[in-house]
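Reviewing the structure listed below.
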Amino acid sequence: MKIKNILLYLFIIKITLDFISPFRELNFVVINTICMITLFLNRTHLKVIKRKEWAGIIVFVILCFMWLAISGELRYFIKFISTIILFLTVRICFERIKLDEVISLTSTLIKAYFFIIVIHYLLSLILASPANRLFYNFEHANLLGSYVLLSLTFIYSMKMLNRDSLMNRICVVIASGLTTSTGTLLSSFVVFLNVKKLNIRTLILAICSALLVIIFLYNTFSYFFPELFIKVFGPFQLLLSGGWGELAALSKHRLSMQELGDEYQSSLVWRFYAYIIFWDYLIEQPLIYLLLGNGFWGFFDIWDGIAPHNDFLLILVDFGLIGFSITLFYLSKAISWCIKENTIILPVFIVFILRMMFENNVYSYYLLSGLVMSTTYLYCVYKKCR
């Protein structure tokens, strides 16, 4: 079998299982078994992995063992370690594919991605309730939104290959809208952004336009759609009128959001409330845990198993300043690389950073593994285009 087809089937199987199969643990075994077999059959090509990459892998393994020793969470240790297998598989397979094969491979993957999304939505209509933000096989609409946005790596791969398609960009926006996640929908519009044409004048115009839209919506919602006004603008009014201090006081008792008043029942206020609780915990914990973290799944004992809806805060709690610093280092390096080498793909990393700021993605293995595979794919496409 051609290596191109192996990579194609690997991604299609991965995406299909993540959307369709409810057996998450079995999905994990299937994907990693396929990758290990592929690695074994292509082990002679591991030499393409650079020394810096091997060094990063070794450091990651050492840190994972440390976080395992702290928490004793073997399940997530295995899952985090397995991302190395996914990275190596995509990396060595891609080295053996020609540029013209990359174009057809990426095009096929995009079509398969959106086809599977359509199938998943139809299943959701039958087995769940998308109108109530309930989707088949996904714990939350926001997680589904994050997974849909992973398709941006393939869309921008086609841009680098000079095969950009308006239809592909429209499909991303439509798929994002179907998730009912406002953040996902807004993030998807980056596909229409041409970074190379950005300048000060354009930015000022965009900011002024955004302010006018906000003023228009504020007045329209307040007069004609009071319920929507409370949902969108209510949290900001609450915080500006002194609600932040009240939230801080309530967070000392770590009450659940259901126990607070109606004025606090907003997803945005919920996030602020969670941030205060976890930030207070970080300040109060011993210095050694602030440095090394609480290990895998360490956040679970802080607030009745509730995560902070912020991956950066979650990383700081579970993996300490060491893990947090490494994350910031690689993100800043990726942004710097985009600015210097290839501004076309800059929006992808900006979207991913925004998702990390407002969602919980780290412990959803299907998302984490998808992120590793898709970003590795994007990087390999860039290398082929050089």
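The values are calculated or read from the model by the stated rules, or taken from the named source; none is laboratory data. It should be emphasised that the depicted structure is a prediction, and the values quoted were computed from it without experimental measurement. Reconstructed Cβ throughout: ideal geometry from the backbone, glycine too, with neighbour counts over all protein chains shown. For the accessible areas, the whole protein counts, side chains as well, though only heavy atoms, and no ligand, DNA or RNA atoms are used. Shrake-Rupley method; radii C 1.70, N 1.55, O 1.52, S 1.80 Å.
Listed values, structure above:
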read-out	value
Cleavage-rule hits (trypsin sites (Lys or Arg not before Pro)) in the range 30-89: DSSP loop, at most 15 neighbouring Cβ within 10 angstrom	K50
Relative contact order (%) - the range 1-104, alpha-carbon pairs under 8 angstrom, separation at least six	43
Per residue accessible area of the chain, 1.4 Å probe, in Å²	52
Which of E341, E101, E359, E95 is most accessible, then next, and so on - probe 1.4 Å	E341, E95, E101, E359
Rounded to the nearest 10 Å², the accessible area of K4 at probe 1.4 Å	40
Distance violations [Cα-Cα > 32 Å] among K4/K197; K52/K111; K252/K333; K47/K79; K4/K52	K4/K197; K52/K111; K252/K333
Between helix 200-224 and the chain: long-axis angle, C-alpha atoms, 0 to 90°, nearest 10	50
C-alpha long axis of helix 24-41 to longest principal axis of the chain, angle in °	30
Correct option for Cα Rg over 2.2 N^0.38 Å [calculated from the coordinates] among (i) 1.17; (ii) 1.40; (iii) 1.03	(iii)
Zone of N162's modelled label, taken as backbone nitrogen in the range 365-386 under 19 Å from a point 7 Å along Cα→Cβ	381-386
Built amide H within the under 5 Å cut-off of L134, gap 5+	S129
³J(HN,Hα), Karplus 6.51/-1.76/1.60, whole Hz, each residue of the range 141-152, x for Gly, Pro	4, 5, 5, 4, x, 4, 5, 4, 5, 5, 5, 4
The range 112-141 and the range 188-233: distance between their alpha carbon centers, rounded to Å	28
Qualifying chymotrypsin sites (Phe, Trp or Tyr not before Pro) for the range 1-102 [loop in DSSP, other Cβ within 10 Å: at most 14]	F23
